[in-house]
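Each value in this text was obtained by applying a stated rule to the coordinates, not by laboratory testing. Model, not experiment: these values are computed from the prediction. Note that each Cβ is placed from the backbone with ideal geometry, even for glycine, and that neighbours are counted across all protein chains shown.
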Amino acid sequence: MAAAALRDAALSAEPPAAIVLPPREGFSPGAVGAVGLLVHRLASPDDLVLGRPTAAAPFPDRRFEPVVVPRLSLARLAGDAGAYAEAAARRIRQLRTPPLPALVEVHNRPEVALALARRLPGLPVSVILHNDPQGMRRARTAGERAELARHVRVVAVSEYLRRRFLQDLAEPVKVAVLPNCLDLAALPPRLPAEGREPLILFAGRLVADKGADGFVAACARALPHLPGWRAEMIGADRFRPDAPDTPFLESLRPAAAAAGIRLHGYQPSGVVLAAMARAAIVVVPSRWAEPFGLTALEAMASGAALLAGRRGGLAELTEGASLPADPDEPEALAASLRRLATDADARRRLSEAGLARAKQYDLPAARARLVAFRHALLGHAGSRGGDIPAEPVSR
């Protein structure tokens with residue numbers, strides 16, 4: 001890429017980026033996970049999204065380039081950062097048609113970000129962490145995280161993840177916080193609190209970490225005391241229609257059937273959001289420390305009364321706008337469901353609090369934060385980027 005073209009891109013009002021998805025992440029309307037949805041939401045038409053080849057057509061309103069690594073299976077590709085990074089770097093170097101990327105944003109793969117920083121010395125590289133960095137390759141130890149921050153700009157999607165990155169670091173390191181977001185204007189029309197269906201909804205991966213079994217156990221206790229109410233679960237083990245059954249799911253199905261809970265399997269994001277827009281109650285009973293809690297944000301933005309876990313980023317996102325939901329205490333969760341289902345005023349208050357919280361994470365504000373971050377990074381290339389607020393949303 002010519003130096004003049006790079007300079008022109010850097011000076012544009014909205015610097016275009018090459019956005020590198022994790023190797024397993026889909027980027028088509030029918031098969032996409034949380035990271036792909038966020039990238040689709042935040043990317044501008046000038047950004048270039050790079051990811052694995054899609055079985056279905058990728059999102060038509062974004063520039064997409066497949067990262068093809070010959071002779072590597074998807075499983076091996078996910079573990080071969082060098083091959084994936086080299087293929088992505090090759091696609092970027094081959095670009096000739098403007099707008100050319102002014103910087104590179106790697107999602108959730110520190111090892112890929114490091115490899116790209118070596119292969120593309122003319123472009124600033126950032127890594128955006130959607131999960132606990134202490135469980136990631138090249139970021140598990142304090143030494144690895146310090147080394148990562150010396151070569152790429154680190155971004156976390158929650159204050160919780162920022163703290164996890166900085167834990168035990170001996171040297172000062174800047175970590176920006178750019179929270180996940182929603183386009184509130186694009187959500188399905190939400191029913192008012194008093195007109196919502198008597199539906200208790202779980203939406204997400206049907207795995208132990210998400211507390212799916214705790215939801216089933218709580219509903220089995222609560223539903224017999226709630227005539228006219230029903231419970232449903234949307235999700236599978238993976239974010240795709242052909243997600244296989246797992247031993248966990250095989251054991252969950254009969255328990256859900258006995259409790260009268262309907263399982264819908266994987267559904268596209270639009271179907272999930274439409275269900276949230278009409279459900280009176282949404283439960284996000286995560287057992288693990290959620291890095292952020294996008295499902296909870298979607299529920300609040302959809303106007304549902306929310307019960308949510310209190311671990312990780314989920315706590316900071318929903319505190320004061322939800323009731324607690326501990327999957328390991330199904331009796332307490334069932335009691336909360338019974339109280340909320342029989343108290344319309346309580347549901348209305350939670351709905352209003354959730355909507356107010358969700359407005360802090362609306363797309364226009366998130367895009368402004370991202371553009372400010374890109375300009376800061378370009379203005380301080382080689383010095384770990386500029387100063388971005390660690391907590392850009394308020395409570």
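Some values worked out for this structure:
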quantity	calculated
Highest to lowest packing among 273-284, 89-100, scored as the average C-beta count within 10 Å	273-284, 89-100
In Hz, Karplus ³J(HN,Hα) per residue of region 171-179 (6.51, -1.76, 1.60; θ = phi - 60°; x = Gly, Pro)	10, x, 9, 8, 10, 7, 10, 10, x
Options V175, A156, L201, ranked by Cα towards positive dipole end of region 153-202, top entry (Cβ charges)	V175
Gyration tensor verdict on region 184-360 (Cα atoms; rounded if a/c is under 1.5, prolate if a/b is larger than b/c, oblate otherwise)	rounded
Residue exposure sequence - C181, C219 - by fewest surrounding Cβ within 10 Å	C181, C219
Mean-position separation - Cα centroids, region 154-195 and region 205-254, in angstrom	26 Å
Peptide ranges 261-270, 106-115 listed from the most packed, as the mean C-beta count within 10 angstrom indicates	106-115, 261-270
Derived scalar couplings ³J(HN,Hα) [region 261-267; Karplus, 6.51 cos²θ - 1.76 cosθ + 1.60; whole Hz; x for Gly, Pro]	8, 8, 9, 9, x, 5, 9
Whether region 281-383 is rounded, prolate or oblate, judged on the alpha carbon gyration tensor where a/c under 1.5 counts as rounded	oblate
Order of T295, T246 under a 10 Å beta carbon neighbour criterion, fewest first	T246, T295
Options (1) 27.1; (2) 21.8; (3) 22.5 - which one matches Kirkwood radius over Cα pairs in Å as calculated here	(2)
